[in-house]
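Heads up: the structure comes next, in structure tokens.
The values are calculated or read from the model by the stated rules, or taken from the named source; none is laboratory data. Predicted model, so just to flag it, every value in this text is computed and none were measured. The area values use the complete protein model at the heavy-atom level, side chains included, leaving out ligands, DNA and RNA. Shrake-Rupley method; radii C 1.70, N 1.55, O 1.52, S 1.80 Å.
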Amino acid sequence: MHMDNLRFVYRKNHLSHARLGLAVSRKYGNAVKRNTLKRLLRERFRHHSIRTVPIDVLAFPVNSVDGPIDLASQMDAALDRIIKRMNRPVP
């Protein structure tokens, strides 16, 4: 799944909870900027209802992010869409 500044890859797992993987390239910025982004993404994931879904989510930025508020809303919207897709029966 692709949002404006974030890309997500997800797959069901055999656990009772969700896991988050982060891949932030050096192209995104210096270490401070990368670590701030990862901290923000982990915190949004920690407070989202997706944690109860058995899924692995890999998130990585594809563009420079405008700001933390924009990124937080994109993360929440993407996680909501992933939950809806996972609950949809496969044709």
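Some notes on this structure:
- Within region 1-41, no residue satisfies the criterion of being open to solvent by 100 Å² or more (accessible area, probe 1.4 Å), under 16 Å from residue 80 (Cα atoms) and part of a helix (DSSP H, G or I).
- Residues that are charged (D, E, K, R) and under 14 Å from the mean Cα position of the chain (by Cα) within region 1-50 comprise 4, 7, 11, 19, 38, 39, 42, 43, 44, 46, listed in sequence order.
- Once region 54-76 is narrowed to residues that are at pLDDT 85 or above and open to solvent by 30 Å² or more (accessible area, probe 1.4 Å), the residue that is nearest to residue 24 (Cα to Cα) is 58.
- Look at (1) at positive phi; (2) modelled with pLDDT of 85 or more and you find that residue 11 fails only one, number (1).
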